[in-house]
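**Student:** Below: one structure in structure tokens.
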Amino acid sequence: MNPFGFRDRQLFAEDVPVAAIAEQVGTPCYIYSRAAIEARYRAFDAAFGTRAHQVCYAVKANSTLALLNVLVRLGAGFDIVSGGELERVRRAGGDTAKVVFSGVGKTREEMQLALAAGIGCFNVESEPELDQLNEVAGRMGKRAPVALRVNPDVDPATHPYISTGLKESKFGVPIERALAIYQRAQSLPHLQITGVGCHIGSQITDMDPFVDALERVVELVGELGDAGIELEHLDLGGGLGINYRDESPPEPDDYVLAILNRLQGLGSRYQRLRLMIQPGRAIVGNAGVLLARVLYLKLGGVRNFAIVDAGMNDLMRPALYDAWHDIAPVKVDAPRTPRVYDVVGPVCESGDFLGRNRELGIEAGDLLVVASAGAYGMAMSSNYNTRPRAAEVMVDGDRFQVVRRRESLDELLAAESLLPG
């Protein structure tokens, strides 16, 4: 579903005029649709049918507490990559037994927190991590549930910064060494092997890389079973893309069906595996927008600039990945002569842009909406140039609620102090 659409020449979020949100909350501001988030989660969950499974939302995509709580109410699990994300899941009311802890740099303190919380599984990404987790669990008198994140060396055909499944990636262990590492893990007294995982990248819009990775992991599951290591779950990661511009990614049911079809007909070893996936962007990406206001129109001989009050500190993706987000006026009150603009922010960097070469009929003071900003928007925002972070709003039908108020300068500076004397 698309919760953002025009009625009577103005943009609505579900049944709320976006201009009304700007009037009450100000700009810049993130706006999320509860209905869209719920619909996308349910689409993934329902696609598995009666097969044992767990949909673990990737918290890094958007970690706002209210958004996590929407998913908690639907029974979601969570994929985390830090102790901070674990605390967010807990404060949102999440079931820690449904938490998977991924990431290459888990600290001792984070391991302790996760073990004390009783998380479902650690996705271990190196042999030294395996040793440290065994030591930490032993000191706590616990056994840590573990899966190896294997690197299947599959090219996901996405941006190199979000490609994680190739040999040169920092993520995971080489799949050809996985059997030996599992055998070593089996000998460590404070670890309990529960599964295997892989994750090959993000914003993937073709099923072929997913299927290629699954083929290699299926083969590994067989090798492990033949060596006496039977697994409880198969974690296939996330990475399914969304439509930012002209992409045609698979729908959740097509994605899941491809997985189920590949496993169909295999032996009981595979049928008893609980399947886990970790969608993030695919659940929240198109469920959110960034709202900004045009400050100035700066017309020049070479380029025209629409200078807005949201910058790269609010939405990093265009500067970081040269990523495309649709940009449109919130109201179309009267015909205006369109011009081609670079839509830029106030941050003191030449890379501070939200979109280049956009044809827009706008004036100073107009509201603009930056589409598909629900994932890796607020989660990657910063205080660069001492800019307070934006407000966040959740729309629910004809109502909306501020779920993160705009940061104040006092809050931004509260942790700092002057030198004595």
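Just so you know, all these numbers are worked out from the coordinates, no wet-lab data involved. What you see is a predicted model; the values in this text were computed from it and never measured. Reconstructed Cβ throughout: ideal geometry from the backbone, glycine too, with neighbour counts over all protein chains shown.
**Student:** Treating the Cα atoms of the chain as identical point scatterers in vacuum, please give the log10 of the normalised Debye intensity I(q)/I(0) at q = 0.09, 0.12, 0.14 Å⁻¹, two decimals.
**Tutor:** -0.60, -0.99, -1.24
**Student:** Oh, and also: Charges at C-beta only: +1 for Lys and Arg, -1 for Asp and Glu. How large is the resulting dipole of the chain about its Cα centre, in Debye rounded to 20?
**Tutor:** 660 debye
**Student:** Then there is this: Roughly how many debye, to the nearest 20, is the charge dipole of segment 352-421 about its Cα centre, given +1 on each Lys and Arg Cβ, -1 on each Asp and Glu Cβ, and no other charges?
**Tutor:** Taking the Cα centre of segment 352-421 as origin, the dipole is about 140 debye.
**Student:** Between T386 and E109, what length comes free when the chain is fully extended (0.36 nm per residue of separation minus the Cα-Cα distance, one decimal in nm)?
**Tutor:** Separation in residues times 0.36 nm, less the Cα-Cα distance, equals 96.7 nm.
**Student:** Percent relative contact order of the chain, based on C-alpha pairs within less than 8 angstrom and at least six residues apart?
**Tutor:** 20 percent
**Student:** Gain in length, E135 to R336, computed as 0.36 nm per residue apart minus the alpha-carbon separation, to one decimal in nm?
**Tutor:** 65.7 nm
**Student:** Right, next: Measure nothing fancy, just the Cα-based angle from helix 127-139's long axis to the longest principal axis of the chain, in degrees from 0 to 90, nearest 10.
**Tutor:** Once rounded, the angle reads 80 degrees.
**Student:** Could you rank the peptides 107-119, 389-401, 71-83 by their average count of other C-beta atoms within 10 Å per residue, with the highest value first?
**Tutor:** Peptide ranking by packing, descending: 71-83, 389-401, 107-119.
**Student:** Under a plain spin-label model, where a point goes 7 Å from the Cα along Cα-to-Cβ, how far apart in nm are N2 and C348?
**Tutor:** Distance between the two pseudo-spin positions: 4.0 nm.
**Student:** How many times 2.2 N^0.38 Å is the alpha carbon radius of gyration of segment 346-421?
**Tutor:** Normalised by 2.2 N^0.38 Å, the Cα Rg of segment 346-421 equals 1.46.
**Student:** When the Kirkwood radius is taken over all Cα pairs of segment 103-277, what Stokes-Einstein diffusion coefficient follows at 10 °C and 1.306 mPa s, in µm²/s?
**Tutor:** In µm²/s, the coefficient is 95.
**Student:** Under 18 Å from the Cα of K170, which lysines turn up, not counting those fewer than eight places away in the same chain?
**Tutor:** Reachable lysines: K60, K106.
**Student:** Rounded to the nearest 0.05, what FRET efficiency do R399 and R143 have when you use their Cβ-Cβ distance and R0 = 60 Å?
**Tutor:** 0.80
**Student:** For an R0 of 41 angstrom, estimate the FRET efficiency from the Cβ-Cβ distance between D410 and E251 and round to the nearest 0.05.
**Tutor:** 0.35
**Student:** For a Förster distance of 30 Å, can you work out the FRET efficiency between the beta-carbons of V211 and Q186, rounded to the nearest 0.05?
**Tutor:** E(calc), rounded to 0.05, equals 0.55.
**Student:** If you don't mind, there's one more thing I want to ask. Out of the DSSP beta bridges found with both residues in segment 1-79, what percent are antiparallel (nearest 5)?
**Tutor:** Counting only bridges with both partners in segment 1-79, antiparallel ones make up about 65 percent.
**Student:** Right, another one. Between Q24 and A364, what length in nm is gained on full extension when 0.36 nm per residue of separation is reduced by their alpha carbon distance?
**Tutor:** 120.5 nm
**Student:** So, in nm, how far is label V302 from label R42 when the simple model puts each one 7 Å beyond its Cα toward the Cβ?
**Tutor:** Inter-label distance under the simple model: 5.2 nm.
**Student:** If you keep only loop residues by DSSP, which trypsin sites (Lys or Arg not before Pro) in segment 195-278 have at most 14 other Cβ atoms within 10 Å of their Cβ?
**Tutor:** Here the trypsin sites (Lys or Arg not before Pro) that fit, given the DSSP loop and packing criteria, are R245, R272.
**Student:** With a 10 Å cut-off between alpha carbons and a GNM built on the chain, which of D15, D342, D410 moves the most?
**Tutor:** D410
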